[in-house]
Amino acid sequence: MFYSQLIIQSDLSKMGEVDAFLEGIMLHFGIKEDFLGVLSLPLIECVKNGIVHGNKMDKNKTVAVDFQVKESKLSFTVTDEGQGFDYENFMKNCGETVGKNGLFVLNKLAEEVTFLKNGSQISYKIDVPFSINSPANRTAILQQKANKEEKIQVNLQYL
């Protein structure tokens, strides 16, 4: 199993760190750029919702993104420090607010969407083609990424 985590401050200016985190994952697993939108749209929407609605833009709070490769699928979990929300009712009305609802995007692009911790944690899986690179390629890719993004550290671990 593969695991990686990113924790950011609840500040929309930190969204670039989410992009860099996802880029590192895509490079590491050889995911083609054709799938960037499929991966980034749900993740960005979940993180933004966590910052804006969950943590109410409180910069003293954080949003965590956990990533795993499990059962041949990419699995993401986004957790904020908010009180949660009535996700069951919200998801029933999801189709009515298509243009205003990031969770609608999540529901359409992801599989096995699960709300936990009263809605302050969202877990979902995405099925896109990927491969695990050789250790030499993995090290080279991470070094290139580290050179580009000095402030962003991507913790990659095999469990």
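The values are calculated or read from the model by the stated rules, or taken from the named source; none is laboratory data. Computed from a prediction, not measured in an experiment: that's the story for all the values here. Here the Cβ positions follow ideal geometry from the backbone for every residue, glycine too, while neighbour counts run over all protein chains shown.
When the residues of segment 132-159 are narrowed to those that are assigned to a loop (DSSP other than H, G, I, E, B) and more than 26 Å from residue 13 (Cα to Cα), which ends up modelled with the lowest pLDDT? For segment 132-159, the residue satisfying everything is 134. Can you confirm whether segment 5-26 contains a residue that is modelled with pLDDT of 95 or more, more than 16 Å from the chain's Cα centre (by Cα) and acidic (Asp, Glu)? Looking through segment 5-26, none of the residues is modelled with pLDDT of 95 or more, more than 16 Å from the chain's Cα centre (by Cα) and acidic (Asp, Glu).
Here residue 43 passes the criteria (1) part of a helix (DSSP H, G or I); (2) over 17 Å from residue 118 (Cα atoms); (3) among the aliphatic types (A, V, I, L, M); (4) modelled with pLDDT under 95 except the one numbered (4). Criterion applied to 60, 89 was being modelled with pLDDT of 95 or more and loosely packed, with under 14 Cβ neighbours inside 10 Å, and the one residue passing it is 60.
Checking each residue in segment 46-79 for being touching a Cys at 6+ places or on another chain (Cβ under 9 Å) and closer than 14 Å to residue 11 by Cβ picks out only 63. Just one of the numbered conditions (1) among the charged types (D, E, K, R); (2) part of a strand (DSSP E or B); (3) at pLDDT below 75 is not true of residue 66: (3). Taking (1) among the aliphatic types (A, V, I, L, M); (2) closer than 13 Å to residue 124 by Cα; (3) buried (at least 20 other Cβ atoms within 10 Å of the Cβ) in turn, residue 18 satisfies each apart from (2).
Could you check how many residues of segment 33-72 are more than 16 Å from the chain's Cα centre (by Cα) and of a type in the set (Ser, Thr, Tyr)? First the steps, then the outcome.
Pass one, segment 33-72, residues more than 16 Å from the chain's Cα centre (by Cα): 33-34, 53, 55-61, 71-72.
Subsequent filtering for residues that are of a type in the set (Ser, Thr, Tyr) retains 72.
So the count comes out to 1.
Against the conditions (1) touching a helix residue (DSSP H, G or I) at 6+ places or on another chain (Cβ under 9 Å); (2) among the small types (Gly, Ala, Ser); (3) outside any helix (DSSP H, G or I), residue 75 satisfies every one except (1). Considering segment 115-131, and only residues there that are at pLDDT below 90, in contact with a Gly (Cβ under 8 Å, 6 or more places away or on another chain) and part of a loop (DSSP other than H, G, I, E, B), the residue that is farthest from residue 51 (Cα to Cα) turns out to be 131.
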